[in-house]
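Below: the structure, in structure tokens.
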Amino acid sequence: QVQLVESGGGSVQAGGSLRLSCTVSGRTDIIYAVTWFRRAPGKEREFVAGTIWSGTTTWYTDSVRDRFTITKDNSKNTMYLEMNSLKADDTAIYYCAATSTSLVRTPTTHAYWGHGTQVTVSS
């Protein structure tokens, strides 16, 4: 079993910044990648960014590529999402998740999920 706990959400004005954290515990040895997804009101869950748990490769969805940065500190079993130049369209519940597969962009391949943290961007 893998447990994930997000923190760092909040409310910010457009153009502002937030940093989300995701602390991972349990069977981290079975994790291939850790990923951020988000669900906006009235929309389906979408991939935001991901990284290989024991490596350095990262992936981003196009809409955040130049504004968000995913990093991790394996010594703390924590992944971060630095979000800059936030827009109203970034308003969503952000979830971190873990997968043992290479299908990082696909929510259904992630067996482990956090409870989510709300990000609200006002224009």
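The values are calculated or read from the model by the stated rules, or taken from the named source; none is laboratory data. Quick caveat: nothing in here was measured; it's all calculated off a predicted structure. In this analysis, Cβ positions are derived from the backbone assuming ideal geometry, glycine residues included, and neighbour counts consider all displayed protein chains. To get the accessible areas, we keep the full protein, side chains included, count just its heavy atoms, and leave off ligands, DNA and RNA. Shrake-Rupley method; radii C 1.70, N 1.55, O 1.52, S 1.80 Å.
Values for this structure:
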| item | result |
| --- | --- |
| Number of the exception - Ser54 against (1) closer than 17 Å to Cys22 by Cβ; (2) out of contact with any Leu (no Cβ under 9 Å at 6 or more places or on another chain); (3) free of Cβ contacts under 8 Å to residues at least 40 places away in the same chain; (4) not in a loop (DSSP other than H, G, I, E, B) | (4) |
| Residue tally, condition open to solvent by less than 30 Å² (accessible area, probe 1.4 Å), outside any loop (DSSP other than H, G, I, E, B) and of a type outside the set (Phe, Trp, Tyr), over region 31-51 | 8 |
| Test for Arg65: is it under 19 Å from Leu4 (Cα atoms), of a type outside the set (Asp, Glu) and open to solvent by 70 Å² or more (accessible area, probe 1.4 Å) | no |
| Residue list for region 52-62, filter: open to solvent by less than 50 Å² (accessible area, probe 1.4 Å) and over 18 Å from Gln3 (Cβ atoms) | Ile52, Gly55, Tyr60, Thr61 |
| The one condition in (1) assigned to a strand (DSSP E or B); (2) farther than 22 Å from Ser11 by Cα that Leu103 fails to fulfil | (1) |
| Close pairs from region 1-14: first farther than 14 Å from Lys87 by Cα and open to solvent by less than 30 Å² (accessible area, probe 1.4 Å), partner in a strand (DSSP E or B) and of a type in the set (Phe, Trp, Tyr), Cβ under 8 Å, at least 6 apart | Val2/Tyr112; Leu4/Tyr112; Leu4/Trp113; Glu6/Tyr94; Glu6/Tyr95 |
| Among the residues listed as Ala111, Ala98, the single one being within 17 Å of Val24 (Cβ to Cβ), part of a strand (DSSP E or B), open to solvent by less than 30 Å² (accessible area, probe 1.4 Å) and of a type in the set (Gly, Ala, Ser) | Ala98 |
| Residues of region 57-84 classified as closer than 20 Å to Ala14 by Cα and not in a strand (DSSP E or B), total | 8 |
| Hey, Arg19 in contact with a helix residue (DSSP H, G or I) (Cβ under 9 Å, 6 or more places away or on another chain) and not aliphatic (A, V, I, L, M) or not | no |
